[in-house]
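Take a look at the structure below.
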Amino acid sequence: MKYDPSRLLIRPVSSSDLGVITQLPEDAREADWVFPGAAHPVSPEWLQRVVADSARAQVVEYRGEVVAFGTLESLEPGAAGFVGHLVVRADLRGRGIGSRLLDHLMGCAFREVRCREMHVRVSTEDVPALLMCYEKGFMPYGMDRHEDAQGRAGVLMHLRLGRREFDEGD
């Protein structure tokens, strides 16, 4: 079946989505990038707490199926907001779904809440996510060491995008 981006729908997460969202990361390593600190596989109960603690939790539906998930954290007018989680189903990656969801989340933060800047943390091993953020205008400002659930060391890059850069890219 040919991919048709006009069939994408972004909407709030519902409790019936949780089981599908837990399956979006392809493996344990990827689950740790998306849900740092969570046991793999991620449980619907753990994910329910993430959604409840988020300022905004959204899914992308494609042809009636949940194919992506993203959250915003700590949104305050005039202050910084944070992208908490973002993941797209593996077989649909590279088609702009994550980019569209990130645009939607940033639009909520900048236009609705009037945040001054957005922050995101990305594993340096997740090159497609780093490139997507760079293409959106996010710039690195720091990094820190991260250990996954299996104790393997990695690096999380901290990236920031100001409202002005977002508006200029719009």
All positions within segment 138-161 that are modelled with pLDDT of 95 or more and small (Gly, Ala, Ser): Gly142
Kindly provide the set of residues from segment 111-159 that are crowded, with 17+ Cβ neighbours inside 10 Å and of a type in the set (Lys, Arg), ordered by number. Arg121, Lys136
Can you list the strands (runs of 3 or more DSSP E) lying wholly within segment 1-73 that have 1 or more residues being at pLDDT below 90 and buried (at least 18 other Cβ atoms within 10 Å of the Cβ)? none
Considering only residues that are in a helix (DSSP H, G or I) and of a type in the set (Lys, Arg), look in segment 94-117 and name the one that is modelled with the lowest pLDDT. Arg111
Expected single match for touching a Phe, Trp or Tyr at 6+ places or on another chain (Cβ under 6 Å) and not aliphatic (A, V, I, L, M) among Arg163, Arg89, Arg93, Arg152 is Arg163
For segment 127-170 the number of residues that are in a strand (DSSP E or B), touching a residue at least 12 places away in the same chain (Cβ under 8 Å) and among the aliphatic types (A, V, I, L, M) is 7
Got a sec? Which of Gly84, Gly96 is of a type in the set (Gly, Ala, Ser) and on the phi > 0 side of the Ramachandran plot? Gly96
Can we say Val122 is of a type in the set (Val, Ile, Thr), in contact with an Asp or Glu (Cβ under 8 Å, 6 or more places away or on another chain) and either within 24 Å of Asp4 (Cα to Cα) or not in a helix (DSSP H, G or I) (or both)? no
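The values are calculated or read from the model by the stated rules, or taken from the named source; none is laboratory data. Computed from a prediction, not measured in an experiment: that's the story for all the values here. Don't worry about glycine lacking a Cβ; one is built from the backbone with ideal geometry, like all the others, and counts go over all protein chains shown.
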